[in-house]
Amino acid sequence: MSRVYPFDEAATARAVIDEDGTLLEWNEGAQRLLGHPADTVVGRPAADLLAGDRPPALPGGVRWEGTVGLRHRDGHTVPVWLLAHRRPAHDDHRGDWLVVSPLTGDRPPATDDPLAAADLIQSPCALAVYDDELRLRRMNEAMASVMNLPEERVRGLRLAEIGGKPQSEELELGMLRVLTSGRPLDMQAFLRTGGGDHARAWLARMAPVTDAEGRVRGVSMAAHDVTDNYRARQRLQLVNEASVRIGTTLDVTRTAQELADLCVPALADFVTVDLLDPEDYGGEPPARITAPVSLRRTAHQSVLRGIPESVIEPGEAEAYPALSPQADSLTAGRTMTTSVAAGDMDQWLSWHPARAERVRTLGIHSSMSVPIQARGLTLGVAVLTRHLRPDTFSADDVLLAEEITARAAVCIDNARRYSRERETALALQRSLLPRTLPRTAALEASSRYLPAARAGVGGDWFDVIPLSGMRVAMVVGDVVGHGIQASATMGRLRTAVRTLADIDLAPDELLTHLDDLVLRLSEESGVEGSPGEVGATCLYAVYDPVSRCCTLARAGHPPPVLLRPGGRPEQLDLPAGPPLGLGGLPFESAELELPEGTVLALYTDGLVLSRDRDGDSGRERLYEALARHTDSLDQTCDHVLHCLLPPGGAADDVALLLARTQGLPPSQVMTWDIPADPALVAPIRKQVVDQLDTWGLSEAAFTAELVVSELVTNAIRYGSPPIRLRLIHDAATLICEVSDSSHTAPHLRRAKIFDEGGRGLLLVAQLTQRWGSRHTADGKTIWAELPLYEEDF
């Protein structure tokens, strides 16, 4: 019967001394060493046992060792090696010293003692000793088990000859360094030993073997299997890499590809990432998955070139039935591992012969399907497959794959939400911008809008607005910020510009009213005392094809670029004006005459500014691009964007409007000065009819005669001289304009039964396509447009 407590207390001399130097304990071993019984020494000063007249000072620190002379009971001195430990104070006492000395350690082992050889042969650590030629001299059973070779067969071989691998040669070079330097060395290696199926991680601790004179006579090596620690570090490193490498962009496809790239070859030989198509479920992933499951291949990666394992390409969709790894994993909501050897994949492969052929050809033996889940939603599934690596997926592999996929799922969901918000904002932005530009006799126009590559849509806008008298307004603006809020603000400003343009305000007056609107929007944003919280820039221009005059004003916006026929691109020198939203500062307009065929380039600063260039260099590139313009404004727009924007897209959204001016020939315009005499209205009507006959517009003569008669009569009755009548026509429209020096504008009203007046403008409104008035520097102009084509009913 074995002893439960195999320790011999008498084999050690042990005593306890308190802080005052008084002996508190004295065991049997101490009595055997010095002959003093416990009752004769306990409670007395320990210094009484010291040989000599001067007792040494109590040792400092927490441990002390050394040889001292102690007085035996019979009077002689015994030199004793002592080891003293300071024990901390606790509830029972205030601290003491434990002093011990071995009583059996000085006896040499017997020649037949099995413990004498246990240091090498029976050690659980794999040990080997090599001579000064680095040839194996001895190794224990643990090392023989590692090598899977008996000692007597390999004794005399070098490590490189025993291992036969490049890693073995590297270890041997390390042993050579120990042999020549005499200093120990630690090396790590990852190799397959003893004909094993799997490589393992090893820590080789090498130390010199010296003789009695200290000469290095060989090298000892202890091999420690650190595979578990090595793989744990690998997994931790892979998780850390996942946090850095996955989610670098807010792009769903890119994020899915980063997940696949990270897992190959660290976890699998082939990885696929298939995501649910939100369009199949009303824009959001479903709360519950049922088979069959329709998935779209978003990304895949393989250790083999060309990814031969895949049967579908990224972007293609496939319906996965029940019993497929993808559907089973998604419906169960957890990771599923399958293997060919276990027969888990038989039904799936029999349903899909193409995959069965790839499995058979490439030797695919196991797979792991991990649901991609985030915020309670299932987004898709990642399938990891092995065929070059012989080992199947372990429980640790499953945990690691789930950890990495969980991190990727959050990034994919963020990218999905961002993409959806971006698409919503972009749809809003495009709905607020003109889908097509109006075709006018004043100019030919073409435009482009591009959202920012990363920041998303912003508040850039453009517009072409037909005005009275064949004139046309061009506007380009930029609201500060990005996202839906900026798009909504842009829509409000664009609507305001159209409303202000309808009342024919001059460019500087229009910007003043627009500045007031932006100030009100800032107040509505809830930030008191912070003017400019909602900021914007704007450029507004009005072109008259009759006079070929263009009037422009800008509010903190980049000036347009002008390209006259046969000339070089140049930037117009316009008064800058403050950005909209500052309030209280005036705007100035400039007027210039533009030859027919002049190209105006209106743009936002996202076109010329970028991370690698400033506005000046960007404008130079714009000049170069416009200098190579073609007759097609559409092609010129594309060429400008191609020359100025980087391949990955602009950092800010871009709006570009190109307009080529056209002039109206003098033959299509007729002007009369009207005397302020009602009796002369009839001759004026006849002159109008004759002019329409000259133009070949006799079918419009009756309506035009009535409109002219009413407008001229009102000007004579209510206006102030001088009075002028002007007719303008193009292929589709006849415009009648009557101007006088009075600033009082007429109002449309419904006449009562017994009223003698008040029906003229109502008649004009009924007979014309549209009518209105505009103020001029000299007074006002009343105008009316008559269509020159039959409307289809």
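The values are calculated or read from the model by the stated rules, or taken from the named source; none is laboratory data. All figures in this text were calculated on a predicted structure; none of them were measured in a lab. Because the Cβ atoms are built from the backbone with ideal geometry, glycine has one as well, and the counts that use them run over all protein chains shown.
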Is at least one residue of region 275-289 closer than 18 Å to residue 374 by Cα, touching a helix residue (DSSP H, G or I) at 6+ places or on another chain (Cβ under 8 Å) and either modelled with pLDDT of 90 or more or of a type in the set (A, V, I, L, M) (or both)? yes
State whether the residues of region 238-250 include one that is without any contact (Cβ under 8 Å) to a residue 12 or more places away in the chain and either surrounded by 18 or more Cβ atoms within 10 Å (Cβ to Cβ) or touching a helix residue (DSSP H, G or I) at 6+ places or on another chain (Cβ under 9 Å) (or both). yes
Is it true that residue 504 is buried (at least 17 other Cβ atoms within 10 Å of the Cβ), touching a residue at least 40 places away in the same chain (Cβ under 8 Å), in contact with a Ser or Thr (Cβ under 7 Å, 6 or more places away or on another chain) and over 17 Å from residue 536 (Cβ atoms)? yes
Among helices (runs of 4 or more DSSP H) entirely within region 609-706, at least 1 residues that are β-branched (Val, Ile, Thr) occur in 633-644, 681-695
Among the numbered conditions (1) surrounded by 12 or more Cβ atoms within 10 Å (Cβ to Cβ); (2) touching a residue at least 40 places away in the same chain (Cβ under 8 Å); (3) not assigned by TED's automatic domain parsing to the domain that holds residue 449, tell me where residue 626 comes up short. (3)
Condition met for residue 644 (closer than 25 Å to residue 545 by Cβ and either among the aliphatic types (A, V, I, L, M) or surrounded by 13 or more Cβ atoms within 10 Å (Cβ to Cβ) (or both)): no
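Test of understanding: among 504, 508, 478, 460, which residue is at negative phi, touching a His at 6+ places or on another chain (Cβ under 9 Å) and either in a strand (DSSP E or B) or charged (D, E, K, R) (or both)?
When all the criteria are applied, what remains is 478.
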For region 762-780, which positions are surrounded by 15 or more Cβ atoms within 10 Å (Cβ to Cβ) and either among the aromatic types (Phe, Trp, Tyr) or in contact with a Lys or Arg (Cβ under 8 Å, 6 or more places away or on another chain) (or both)? 771, 773, 774, 780
Do you know which of the residues in region 677-719 that are farther than 22 Å from residue 787 by Cβ and of a type in the set (Gly, Ala, Ser) is surrounded by the fewest Cβ atoms within 10 Å (Cβ to Cβ)? 679
Hey, which of the strands (runs of 3 or more DSSP E) in region 206-312, taking only ones fully inside, have at least 3 residues that are assigned by TED's automatic domain parsing to the domain that holds residue 401 and closer than 24 Å to residue 399 by Cα? 270-276, 293-302
